[in-house]
Amino acid sequence: MIPSKEFEHIRNTLDAITSLRSAMRQFISKKIKEGNYDITYEMMQLLLVLWRGHEVNQQEIANLLIKNKASITPLIDNLSKRKLVVRTEDPSDRRNKIIALTKAGREYMEAFSPVLDDFFHRIETGVTMAELEMVSEVLMKMRRNLVS
């Protein structure tokens, strides 16, 4: 069913969000390829979660990346083979694994840091802090409407 005309403004907003997400993925993927980082966009997303959170269990990673836990396993396997992450048992629940960056993983992310700096500089160009705060506030309000 196609939403009625009265929701066109929301549809346009959602289209803009989707378009931005696609542009972000394309930008980062292009930089990964240009820099010969030998990693996929999805692996980089996982590394970024760990870079921010240090040690995170697999379910939390899946939730943050909006993926199921099973789809995260091969990413972790590949990163582990590259010696960028390590799995350890969660002391509070042995069924869970804690994923953490290794020293090589932290060095890898430091090497990728200029790409992220470029990304953030480009994405914020021409956008004021007030605009960013307003967009964040509106998006969080929309999210709360859906989860309440």
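Against the conditions (1) under 17 Å from the mean Cα position of the chain (by Cα); (2) modelled with pLDDT of 95 or more; (3) exposed (fewer than 12 other Cβ atoms within 10 Å of the Cβ), residue 130 satisfies every one except (1). In summary, residue 22 fulfils each of the numbered conditions (1) within 14 Å of the chain's Cα centre (by Cα); (2) among the hydroxyl-bearing types (Ser, Thr, Tyr); (3) part of a loop (DSSP other than H, G, I, E, B) with the single exception of condition (3). Residues that are in contact with a Phe, Trp or Tyr (Cβ under 9 Å, 6 or more places away or on another chain) and of a type in the set (Phe, Trp, Tyr) were ranked within segment 27-50; the one that is modelled with the lowest pLDDT is 37. Condition first: of a type in the set (Ser, Thr, Tyr) and within 18 Å of residue 73 (Cβ to Cβ). Now tell me which residues in segment 21-55 satisfy that. Matches in segment 21-55: 40, 41.
Within segment 49-64, the set of residues being touching a residue at least 40 places away in the same chain (Cβ under 8 Å) and either among the small types (Gly, Ala, Ser) or in a helix (DSSP H, G or I) (or both) comprises 50, 51, 58.
Determine which single condition residue 91 fails, assuming it passes every other condition in (1) under 24 Å from residue 143 (Cα atoms); (2) surrounded by fewer than 11 Cβ atoms within 10 Å (Cβ to Cβ); (3) not charged (D, E, K, R). Condition (1) is where residue 91 drops out. When segment 133-148 is filtered for residues that are among the β-branched types (Val, Ile, Thr) and either surrounded by 11 or more Cβ atoms within 10 Å (Cβ to Cβ) or within 16 Å of residue 17 (Cβ to Cβ) (or both), the ones remaining, listed by number, are 135, 138.
Evaluate the following for residue 99: is it surrounded by 14 or more Cβ atoms within 10 Å (Cβ to Cβ), at pLDDT 90 or above and in contact with a Lys or Arg (Cβ under 9 Å, 6 or more places away or on another chain)? For residue 99, the condition - surrounded by 14 or more Cβ atoms within 10 Å (Cβ to Cβ), at pLDDT 90 or above and in contact with a Lys or Arg (Cβ under 9 Å, 6 or more places away or on another chain) - is met.
Exactly one residue out of 97, 67, 83 is on the phi > 0 side of the Ramachandran plot and either part of a loop (DSSP other than H, G, I, E, B) or in contact (Cβ under 8 Å) with a residue 40 or more places away in the chain (or both): that is 83. Inspect segment 30-47 for any residue being closer than 30 Å to residue 122 by Cα, hydroxyl-bearing (Ser, Thr, Tyr), loosely packed, with under 12 Cβ neighbours inside 10 Å and without any contact (Cβ under 8 Å) to a residue 40 or more places away in the chain and give the result as yes or no. Taking every residue of segment 30-47 in turn, none turns out to be closer than 30 Å to residue 122 by Cα, hydroxyl-bearing (Ser, Thr, Tyr), loosely packed, with under 12 Cβ neighbours inside 10 Å and without any contact (Cβ under 8 Å) to a residue 40 or more places away in the chain.
The values are calculated or read from the model by the stated rules, or taken from the named source; none is laboratory data. Because the structure is a prediction, the values reported are computed rather than measured. Methodologically, a virtual Cβ is constructed for each residue, glycine included, from the backbone with ideal geometry; neighbour enumeration extends over all protein chains shown.
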